[in-house]
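First comes the structure, then the notes that go with it.
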Amino acid sequence: MSKDLLNIQQVAAKVNLPQGWIYERIKNGKFPTGEKFGHARLWTEAEIDKWLEAKKEEKA
């Protein structure tokens, strides 16, 4: 696996939110969907960083 691809556990740790919260926001279109690879969903670190940056700007 490439270093810049994150699984759900890694994403949850990076954004400091539960996995269930992430999946709920994906369903609502409020979190990056990542890509499905078989049964796994993977995100690039860049798309998670971009989402985090957008959240910081919303709070500013």
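The values are calculated or read from the model by the stated rules, or taken from the named source; none is laboratory data. Predicted model only: the values in this text are computed from it and were never measured. Here the Cβ is made from the backbone with ideal geometry for all residues, glycine too, and neighbour counts use every protein chain on show. With ligands, DNA and RNA removed, areas are computed over all heavy atoms of the protein, side chains included. Shrake-Rupley method; radii C 1.70, N 1.55, O 1.52, S 1.80 Å.
Before moving on, here are some points about what is shown:
- For the chain, relative contact order (Cα pairs under 8 Å, six or more residues apart, normalised by length) works out to 37 percent.
- A DSSP coil position with no more than 16 other Cβ atoms inside 10 Å describes the following trypsin sites (Lys or Arg not before Pro) in the chain: Lys3, Lys30.
- Average accessible surface area per residue within the chain, 1.4 Å rolling probe, Å²: 74
- Inter-site label distance for Lys30 and Gln10 at 7 Å from Cα along Cβ, in nm: 2.6
- For Rg and Dmax of the Cα atoms in Å, the value computed from the atomic coordinates appears in the list (1) 11.3, 38; (2) 22.5, 68; (3) 16.9, 57 under label (1).
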